[in-house]
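The values are calculated or read from the model by the stated rules, or taken from the named source; none is laboratory data. Just so it is clear, the model here is predicted, and its values are computed rather than measured. Backbone-built Cβ (ideal geometry, glycine too); neighbour counts: all protein chains shown.
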Amino acid sequence: MKRSKILGVGSYLPSQIWKNSDLEKMMDTSDEWIQQRTGIRQRHWVDQNSSVCTSDLAIEASKKALENSKIKKDELDMVILATLSPDHEFPGTACFFQAKLNVPGIPALDVRQQCTGFIYGLSIADQFIRTGTYQKILVVGAEVHSKGLNKTPEGRDVGVLFGDGAGAVVLGSCEKSELSSMSHILSTHLHADGQFARELWVQEPSMNHPGDRMDSEYIKTANFYPQMNGKNVFIHAVRRMPEVILEALSKNELNTNQIDLYIFHQANLRINERVAKQLEIPQEKVFNTIDRFGNTTAATIPIGFDEAIKAGKLKPGMLVVSAAFGSGFTWAATVIRW
Ligand code: ACO
């Protein structure tokens with residue numbers, strides 16, 4: 001039986017930084033409110049007048065991941081791209097991304113599992129590698145949120161939270177006999193509960209709109225911006241994340257103390273602090289980036305990997321747990337020997 005290991009990591013943040021103070025006038029918000037409630041100080045957004053889209057950010061992160069893994073793009077057997085901010089409604093962003101990376105012919109798969117999308121993508125890649133179907137898979141999480149946010153006071157509850165960015169990993173195959181000491185993905189654990197799909201969603205444009213979906217009345221009245229029941233999302237996040245972390249630890253006969261580093265999804269610093277407190281994980285074992293990047297949804301975890309490596313916090317041989325919760329609702333965790 002084979003297992004998959006992370007051969008290389010890369011990330012990319014667009015150069016324009018929007019501090020909380022830059023949003024104050026636009027959204028009738030304040031630096032104090034945003035920092036207190038979320039831990040966010042700033043976020044990176046693409047140039048709002050440019051045509052830069054999700055697949056472009058994914059390319060930049062992937063080039064770095066390929067370089068770090070010393071893998072040539074032509075060695076890839078598959079690309080998986082997780083995003084909730086696709087370039088176009090269809091085809092999938094992975095197809096645009098694959099064309100830009102210039103790796104024609106190999107499968108290109110979109111994952112639409114929002115904040116949990118990267119772990120879902122990692123899990124799919126892991127299954128293909130475990131079965132021996134593929135040897136090398138690129139998994140990317142990328143988002144351009146900034147162009148889809150309501151940046152008026154009406155949209156401030158969601159608008160201040162999200163940033164643009166991308167992160168990528170190259171997964172390669174390794175033999176089970178080498179596993180005890182070698183880096184590999186120990187397990188992935190995926191969940192969803194679609195009864196809460198409308199708690200955090202973009203309602204329109206929708207195929208359930210009767211008549212011509214782009215008539216002028218519809219364009220004037222429909223809500224094309226993300227809507228969130230923040231309190232309910234928060235309540236479920238602080239319940240589901242500890243649950244799935246314990247599930248992942250139990251599967252591998254590990255306890256929280258044996259984990260060297262926790263790299264969680266970055267939706268709200270208070271969520272991650274609450275999760276750590278519930279599981280009695282010391283805060284210094286939790287690596288957060290939300291203060292600098294905001295919530296980059298599917299990109300938060302691979303960006304976290306890359307930033308933790310750069311900060312000297314994530315080193316070979318460490319046991320790492322990642323967990324995420326988000327729209328869907330979806331939640332997931334993975335345990336990795338780095
Ligand atoms: N600036 C200033 N005031 C604001 C803002 C803002 N940006 N947003 C809301 N407020 C106001 C509200 O209007 C409200 O005012 P009121 O008391 O006069 O009515 C007050 O602040 C409190 O609002 P709440 O919504 O109760 O604030 P809360 O403490 O719940 O924090 C937050 C909101 C940060 C969104 C929180 O609920 C949260 O983090 N939820 C989870 C988010 C999350 O995990 N998302 C999942 C991942 S994202 C994905 O999957 C796509």
- Task: Please go through segment 301-332 and pick out each residue that is closer than 19 Å to residue 269 by Cβ and assigned to a strand (DSSP E or B).
- Result: 321, 322, 323, 324, 325, 326, 331
- Only one of these conditions is not met by residue 157: (1) touching a strand residue (DSSP E or B) at 6+ places or on another chain (Cβ under 7 Å); (2) under 30 Å from residue 1 (Cα atoms); (3) surrounded by fewer than 21 Cβ atoms within 10 Å (Cβ to Cβ). Which number is it? (2)
- Query: In this structure, does residue 183 turn out to be touching a strand residue (DSSP E or B) at 6+ places or on another chain (Cβ under 6 Å) and at pLDDT below 95?
  - Reply: yes
- Query: Is it the case that residue 19 is farther than 17 Å from residue 292 by Cβ and either of a type outside the set (Val, Ile, Thr) or not assigned by TED's automatic domain parsing to the domain that holds residue 130 (or both)?
  - Reply: no
- Query: Taking segment 195-210 as the search range and keeping residues that are touching a residue at least 60 places away in the same chain (Cβ under 8 Å) and over 15 Å from residue 148 (Cα atoms), which one is surrounded by the fewest Cβ atoms within 10 Å (Cβ to Cβ)?
  - Reply: 197
- Item | Residues that are outside any helix (DSSP H, G or I) and not charged (D, E, K, R), drawn from segment 256-284 | 259, 261, 262, 263, 264, 265, 266, 267, 268, 279, 281, 282
- Would you point out which residue out of 266, 283, 278 is near the ligand (Cβ under 10 Å from one of its atoms) and outside the structural domain of residue 17 (by TED's automatic domain parsing)? 266
- Item | Matching option when the condition is at pLDDT 95 or above, of a type in the set (Val, Ile, Thr) and either surrounded by fewer than 21 Cβ atoms within 10 Å (Cβ to Cβ) or more than 12 Å from the ligand (Cβ to nearest atom) (or both), among 300, 289 | 289
- Task: Considering only segment 218-255, state which residues are among the aromatic types (Phe, Trp, Tyr) and either buried (at least 16 other Cβ atoms within 10 Å of the Cβ) or in a helix (DSSP H, G or I) (or both).
- Result: 218, 225, 234
- Item | From 4, 21, residue being touching a helix residue (DSSP H, G or I) at 6+ places or on another chain (Cβ under 7 Å) and without any contact (Cβ under 8 Å) to a residue 12 or more places away in the chain | 21
- Note on the structure: Those strands (runs of 3 or more DSSP E) completely within segment 1-49 that have 1 or more residues that are within 13 Å of the ligand (Cβ to nearest atom) and crowded, with 20+ Cβ neighbours inside 10 Å are 42-45
- Do we find a residue being touching a Pro at 6+ places or on another chain (Cβ under 6 Å) and surrounded by fewer than 24 Cβ atoms within 10 Å (Cβ to Cβ) anywhere in segment 103-126? no
- Query: When you go through 155, 141 one by one, which is the residue that is over 24 Å from residue 323 (Cα atoms) and either within 13 Å of the ligand (Cβ to nearest atom) or not β-branched (Val, Ile, Thr) (or both)?
  - Reply: 155
- Task: Look at segment 102-135 and say how many of its residues are away from the ligand (no atom under 16 Å from the Cβ) and either basic (Lys, Arg) or at pLDDT below 95 (or both).
- Result: 1
- Which ones in segment 114-160 are polar (S, T, N, Q) and closer than 12 Å to residue 188 by Cβ? 116, 123, 127
